[in-house]
Amino acid sequence: MTTTGPAAPPRPTTPTPVTRTPVTVLAGFHAHATTAVADRLLNAEPELLLVGHDLTALADGVVRRRIRDSSGILEEGETRLTHGCGTCAIREDLVPVLMRLARDHPGRPLLVELPETVEPQSVAEACAHLHVDGTPAAEVIRVDSCTTVLDALSLRGDLSSVDDIARRRRTPVEDTRGVAEVVVRQIEYADTVLLHGEAAGGAYETARLGVLARRLAPWAAHPEPSDDHGLAAAILRTGRHDPRRPPGPARALAGLTLGVHAPFEDCGVISMLFAARRPFHPERLHARLDEIAYSALRARGHLWLATQPDTVVAFEAAGGGIAMASLGPWLDAVPVESREAHSAVRRVAAALDWDPYYGDRGNSLAFIGEGFDVDELRVRLEDCLLTDLELAEGEDARRAWSDPFAGCFPSHP
């Protein structure tokens, strides 16, 4: 009789990794420049599939879509607006299309060419968080990188423009975002920034714009490829995108660089960092807000108001507009047992710079522009900080001071 022992346990198997299709997002405020770069990428990468949307019929409630590759147009379609927001319509149409293309054409990378006024952050977040028919988009596609294309002929004027989108584009659809606001956000969110063409002033002016772009987004790659294949290598499949990266004004809270301190002119461009551990006096800051904000082409960061010691206040300025909003509470204002709700990166950055008295409170601002007086701006900022006598009054007394910003920044946005 033959006997057998117990069956051997099955060998552990390593699960087959799910390959998500890489998506490169191409943004830019001037379609001719963005499309020129897209065409060069298609020429260098025949397998690339490009999805683009056209907003010219937005006033009629229609957003048109086109899919193409190096051989030409593969598919055209449209989606109708249900809520009047072109960016929302693009997100809601784009993500299912990308997921379908990823399934129908495995192995082919995807390129998204955004309309001029769409900010890449909204699209990248949709790819990371939206669900389609119960399936998370992030299980099928991943944003590999975001590239912003800058038109050298228009960049300087765009950054100093006081127009809003509706006025500049002469569109009947109301869009009150400022031109400069959209352009700087396209630049600052990018993993790669590409300057297209030459400025009207020639080589020196083009070099100046290159310096300006690097100061606006020092964390991004700024390639200068000589041919289409070099361009593709600089933009496609770089893996640079980090969906956890905080927006520009909140970067310092996560321990990331807010900018470059380069107070001496480089092709006329200056950038300055300002940090202070004592709070701003609300009335003095309010009185000098314009002259502080408009000293440079761009200002960003976070600040601490003496009358609102629980709240981190975001500060942004570009193109004649100032935006201030709540970034939530300072960690020092949160019970220790509740701090786990905040990201580990935020908690580590705060711990490394923790003050025994102030906790993680402080001011961190960056200014980027041309030809402004760094020393004069620093004096203006320091004049708005609390004096020693004002600090000695104590937090309870400061909360009762007159505050032009009262009620504007809830600690939990």
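The values are calculated or read from the model by the stated rules, or taken from the named source; none is laboratory data. Keep in mind it's a predicted model, so treat the numbers as computed, not measured. When we count neighbours, we look across all protein chains shown, and the Cβ atoms used for this are built from the backbone with ideal geometry, even at glycine. Areas reflect the complete protein model, heavy atoms only, side chains present, ligands, DNA and RNA absent. Shrake-Rupley method; radii C 1.70, N 1.55, O 1.52, S 1.80 Å.
In the set ARG245, ARG240, only one residue is open to solvent by 40 Å² or more (accessible area, probe 1.4 Å), part of a loop (DSSP other than H, G, I, E, B) and in contact (Cβ under 8 Å) with a residue 24 or more places away in the chain; that residue is ARG240.
For the residues SER122, SER160, SER145, SER71, the requirement of being over 17 Å from the mean Cα position of the chain (by Cα) and closer than 28 Å to HIS222 by Cα singles out SER160. Please determine whether any residue of the stretch 215-236 is open to solvent by less than 30 Å² (accessible area, probe 1.4 Å), in contact with a strand residue (DSSP E or B) (Cβ under 8 Å, 6 or more places away or on another chain) and at pLDDT below 95. Within the stretch 215-236, not a single residue is open to solvent by less than 30 Å² (accessible area, probe 1.4 Å), in contact with a strand residue (DSSP E or B) (Cβ under 8 Å, 6 or more places away or on another chain) and at pLDDT below 95. Under the condition of being over 23 Å from GLY210 (Cβ atoms) and out of contact with any strand residue (DSSP E or B) (no Cβ under 9 Å at 6 or more places or on another chain), the residues counted in the stretch 248-266 number 2.
Scanning the stretch 309-324 for residues that are surrounded by fewer than 21 Cβ atoms within 10 Å (Cβ to Cβ) and assigned to a loop (DSSP other than H, G, I, E, B) returns PRO309, ASP310, GLY320.
Of the residues LEU273, LEU256, only one is of a type in the set (A, V, I, L, M), open to solvent by 40 Å² or more (accessible area, probe 1.4 Å), in a loop (DSSP other than H, G, I, E, B) and within 13 Å of ALA366 (Cβ to Cβ); which? Only one candidate passes the filter, namely LEU256. If you go through the stretch 45-83 and keep only what is surrounded by fewer than 18 Cβ atoms within 10 Å (Cβ to Cβ), in contact (Cβ under 8 Å) with a residue 40 or more places away in the chain and assigned to a strand (DSSP E or B), you end up with just ASP54.
Within the set VAL118, VAL162, VAL123, VAL143, the sole residue that is assigned to a strand (DSSP E or B), of a type in the set (Val, Ile, Thr) and touching a residue at least 60 places away in the same chain (Cβ under 8 Å) turns out to be VAL143.
Among the residues of the stretch 89-101, the ones that are open to solvent by 10 Å² or more (accessible area, probe 1.4 Å) and more than 17 Å from SER122 (Cα to Cα) come to 1 in all.
Counting only residues that are among the hydrophobic types (A, V, I, L, M, F, W, C), farther than 22 Å from TYR189 by Cβ and surrounded by 16 or more Cβ atoms within 10 Å (Cβ to Cβ), how many does the stretch 276-308 have? The number of residues fulfilling the criteria is 8. When you scan the stretch 172-185, do you find a residue that is among the small types (Gly, Ala, Ser) and either part of a strand (DSSP E or B) or farther than 29 Å from GLY371 by Cα (or both), even just one? Yes, the stretch 172-185 contains a residue that is among the small types (Gly, Ala, Ser) and either part of a strand (DSSP E or B) or farther than 29 Å from GLY371 by Cα (or both). Can you spot a residue in the stretch 326-334 that is under 17 Å from ALA254 (Cβ atoms) and in a helix (DSSP H, G or I)? Yes.
Taking into account only those residues within the stretch 347-366 that are touching a residue at least 12 places away in the same chain (Cβ under 8 Å) and of a type in the set (Gly, Ala, Ser), which is farthest from CYS384 (Cα to Cα)? Looking at residues that are touching a residue at least 12 places away in the same chain (Cβ under 8 Å) and of a type in the set (Gly, Ala, Ser), I get ALA349. State all residues of the stretch 347-373 that are over 27 Å from PRO335 (Cα atoms), open to solvent by 20 Å² or more (accessible area, probe 1.4 Å) and not in a loop (DSSP other than H, G, I, E, B); if no residue qualifies, say none. The answer is GLU370, and nothing else. When LEU26 is tested against (1) surrounded by 16 or more Cβ atoms within 10 Å (Cβ to Cβ); (2) part of a loop (DSSP other than H, G, I, E, B), exactly one condition is not met: (2).
Total residues in the stretch 129-156 satisfying the condition of being open to solvent by less than 40 Å² (accessible area, probe 1.4 Å) and either in contact with a strand residue (DSSP E or B) (Cβ under 8 Å, 6 or more places away or on another chain) or of a type in the set (A, V, I, L, M) (or both): the figure is 16.
Condition check: surrounded by 15 or more Cβ atoms within 10 Å (Cβ to Cβ) and under 14 Å from PHE280 (Cα atoms). Does LEU391 satisfy that? Yes; evaluated as a whole, the condition is true for this residue. Across the stretch 111-128, the qualifying residues are those that are open to solvent by less than 20 Å² (accessible area, probe 1.4 Å) and in contact with a Ser or Thr (Cβ under 6 Å, 6 or more places away or on another chain), and the one among them that is nearest to HIS30 (Cα to Cα) is VAL118.
Among the residues of the stretch 333-363, just one is hydroxyl-bearing (Ser, Thr, Tyr) and closer than 23 Å to PRO243 by Cα, namely SER343. The set of residues in the stretch 290-308 being closer than 29 Å to GLY394 by Cα, at pLDDT 95 or above and not β-branched (Val, Ile, Thr) consists of ARG300, GLY301, HIS302, LEU303, TRP304, LEU305, ALA306, GLN308.
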